[in-house]
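*Asks:* Have a look at the structure that comes next, please.
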Amino acid sequence: MIDFRKSVSERFIRYTQFDTMSDPSLAGVKRPTTDGQVVMQKALAKELEELGLEVSYGKESVVRGLVKANVPGVLPIGFMAHVDTADDVMGNGVKAQRHIYTGGDIVLNGGTVIRENENPSLSSYIGTEIITSDGTTLLGADDKAGAAEIMEAVRYLVEHPEIKHGDIEVFFTPDEETGAGMDQFPYHEQISKVCYTMDGGAEGEIESECFNAASVIISIHGVSTHLGSARGKLVNALTVASAISMTIPHSESPEATDERYGYYHVGEIKGTHVEAQMEIFIRDFDSDSFDFRISAVKELAQAVGNIYHARVEVSVKISYRNMALANAKHPEAIEAVMNAGKELGLEFFPALIRGGTDGARMAEKAGVPCPNLFTGGHNYHSLEEWVSVEVMSRSVNMILAIIDYQVKNRK
Ligand SMILES: [Zn+2]
């Protein structure tokens, strides 16, 4: 295995110094939502250009770089990371700290403590280097560890032209944390047939399955009359909305489920007694069960509307689909990762995401399978965030091994 500890950690710390906290309140209004992201994206574009890549940074606000193939017939693959950081805690002004971990709790400024008993995986990194913030901000390993790992792999390929590879595409996207990251994407430029987000966490976790996700929007039209003479005539849209809400099984809510169980979640009820709107989120790993949940909500909403003599309109918005569907059509995406684990002597295991990823959006939109790979980071979106330098180095090796797999299996 190649030792990237020094180069990837220095690069990562440099990236943490960009103030790229995104702003969910501006999602869909301004892209990227914060100007710091543009500063970092321009810096990344410059780094890619200096490495000799073909680079574009167009109206979608996504940096794309291409390392051209030096051998024919190899499947083009891509790697993707997001430049923004979450706003759950302060994400700007990060002062990264290096520690050689010797066991026990890690005490940082401002009363922030990374506790050994809350971080069982810490013990496997005793005697090695980990990086934290100074305790007053998040660290931003989510997802600057991913960005640094991709960049290091690209640098290594460019500096070692003797290594054979196909077309390697890299993408640096904005605003992942706001949910708007993939609202625009340079699909017209994309050539990769398999892509990987470097946006996972603990070592070995290969996330190839996520929820199917939909929103069911229900519009309820009540009947308004003078309240003094409403008997037998008035239909209260809010009463209907709460009656529909009561039909949603509480045992199948997010707060009652975990692992592979899907759920219904009433996310919003708004309006007046005349007109009301409600939004119900549906999540399920299984496609049949997902479709069943959608039709169940539609039918329940209509049935309740009928009971109350209210006119009800239902529309469905599919947000993303379980990327396992796209992965199943292209088993080479996961095969390449599992093979990389074997080559490197590392233990990789599949993990479920009870949510979506930018990769799931790509799989849905472009049919390109896009599993999410580990970066070595932990405790994302918090003051206790940390990343293992050893694992960052191993992640770069994983990227290179995936690239190599495609060469060995070229058509
Ligand atoms: Zn992330």
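*Asks:* Take every DSSP beta bridge whose two residues both sit in the chain, then give the antiparallel share in percent to the nearest 5. Display every interim value, and only then the final one.
*Replies:* Working: 50 of 68 bridges.
Around 75 percent of the beta bridges assigned by DSSP in the chain are antiparallel ones.
*Asks:* Once the piece of chain linking Asn109 and Glu279 is laid out straight, how much longer is it, given 0.36 nm per residue of separation minus the C-alpha distance between them? Don't jump to the answer; show the numbers that get you there.
*Replies:* Details: separation 170, 0.36 × 170 = 61.20 nm, distance 4.18 nm.
Roughly 57.0 nm would be gained on extension.
*Asks:* Binned at 5 Å from 0, what are the whole-percent values of the Cα-Cα distance distribution for region 212-319, short to long?
*Replies:* Going out from 0 Å in 5 Å bins, region 212-319 shows 2, 13, 23, 22, 16, 11, 6, 4, 2, 1, 0 percent.
*Asks:* Under a GNM of the chain (C-alpha, springs under 10 Å), which listed residue has the highest mean-square fluctuation: Asn372, Asn397, Asn117?
*Replies:* Between Asn372, Asn397, Asn117, it is Asn117 that shows the largest mean-square fluctuation.
*Asks:* Contact order normalised by length for region 212-319, with contacts defined as Cα pairs under 8 Å and 6 or more residues apart; what percent is it?
*Replies:* It rounds to 42 percent for region 212-319.
*Asks:* In the chain, once you exclude exposed GluC sites (Glu not before Pro) (DSSP loop, at most 12 other Cβ within 10 angstrom), what's the longest stretch remaining?
*Replies:* On the way: sites that count: Glu162, Glu259, Glu347.
In the chain, the maximal stretch lacking such sites is 1-161.
*Asks:* What number results when the radius of gyration of region 283-350, computed over Cα atoms, is divided by 2.2 N^0.38 Å? Before the final figure, lay out each step's value.
*Replies:* Values: Rg = 20.3 Å, N = 68, 2.2 N^0.38 = 10.9 Å.
Against the compact-globule rule of thumb, the ratio is 1.86.
*Asks:* Could you give the C-alpha radius of gyration of region 1-123 expressed as a fraction of 2.2 N^0.38 Å, taking N as the number of residues it contains? Could the numbers behind the result be given before it?
*Replies:* Values: Rg = 18.5 Å, N = 123, 2.2 N^0.38 = 13.7 Å.
Normalised Cα radius of gyration, region 1-123: 1.35.
*Asks:* For the residue pair Ile318 and Asn409, what label-to-label distance in nm results when each label sits 7 Å from Cα along the Cα-to-beta-carbon direction?
*Replies:* 2.6 nm
*Asks:* Set the Förster radius R0 to 56 Å, insert the Cβ-Cβ distance between Ser253 and Glu162 as r into 1/(1 + (r/R0)^6), and round the FRET efficiency to 0.05.
*Replies:* On the way: r = 56 Å, r/R0 = 1.00.
The calculated FRET efficiency here is 0.50.
*Asks:* Another question, if that's okay. What is the set of long-range amide H partners of Arg311 at a cut-off below 5 Å, with H atoms built 1.01 Å from backbone N?
*Replies:* Here the answer is His221, since their amide H atoms fall under 5 Å of that of Arg311.
*Asks:* So what are the ³J(HN,Hα) numbers for region 63-77, from phi and the Karplus equation (6.51, -1.76, 1.60; θ = phi - 60°), rounded to whole Hz, Gly and Pro as x?
*Replies:* In residue order, the calculated couplings are 7, 10, x, 10, 8, 6, 4, 10, 8, x, x, 9, 4, x, 10 Hz.
*Asks:* Give the relative contact order (percent, whole number) for the chain; include only Cα pairs under 8 Å separated by 6+ residues.
*Replies:* On the way: 936 pairs, mean separation 98.4, N = 411.
Reported as a whole number, the value is 24 percent.
*Asks:* For the chain, count the residues as N, evaluate 2.2 N^0.38 Å, and divide the Cα radius of gyration by that value, please. Display every interim value, and only then the final one.
*Replies:* Details: Rg = 23.9 Å, N = 411, 2.2 N^0.38 = 21.7 Å.
Against the compact-globule rule of thumb, the ratio is 1.10.
*Asks:* May I ask you to evaluate 6.51 cos²θ - 1.76 cosθ + 1.60, the Karplus curve with θ = phi - 60°, for each residue of region 103-118 and list the ³J(HN,Hα) values in order in whole Hz, giving x for glycine and proline?
*Replies:* So the Karplus estimates, Gly and Pro as x, are x, x, 6, 10, 9, 10, 5, x, x, 7, 10, 8, 8, 4, 6, 8 Hz.
*Asks:* May I ask for the distance between the Cα centers of region 208-238 and region 5-65, given as a whole number of Å?
*Replies:* If you average the Cα positions of each part, the centres end up 43 Å apart.
*Asks:* Using the Karplus curve 6.51 cos²θ - 1.76 cosθ + 1.60 with θ = phi - 60°, work out ³J(HN,Hα) for each residue of region 168-176 in order, rounded to whole Hz, and write x for Gly and Pro.
*Replies:* 10, 9, 10, 10, 10, 9, x, 6, 4
*Asks:* Okay, moving on. Which residue, chosen from Leu300, Gly103, Ser208, occupies the Cα position most advanced towards the positive end of the dipole of the chain, where the dipole is computed from +1 (Lys, Arg) and -1 (Asp, Glu) charges on Cβ about the Cα centre?
*Replies:* After comparing all options, I get Leu300.
*Asks:* Looking only at Cα atoms, what is the convex hull volume of region 115-155 per residue, in Å³?
*Replies:* Values: hull volume 4.4 nm³, N = 41.
Considering the Cα atoms of region 115-155, their hull volume per residue is 108 Å³.
*Asks:* Based on the Cβ-Cβ distance of Phe349 and Lys329, what FRET efficiency does E = 1/(1 + (r/R0)^6) give at R0 = 30 Å, to the nearest 0.05? Walk me through the numbers before you get to the answer.
*Replies:* On the way: r = 22 Å, r/R0 = 0.74.
Calculated transfer efficiency: 0.85.
Just so you know, all these numbers are worked out from the coordinates, no wet-lab data involved. Values in this document were obtained by computation on a predicted structure and should not be read as measured data. Here the Cβ is made from the backbone with ideal geometry for all residues, glycine too, and neighbour counts use every protein chain on show.
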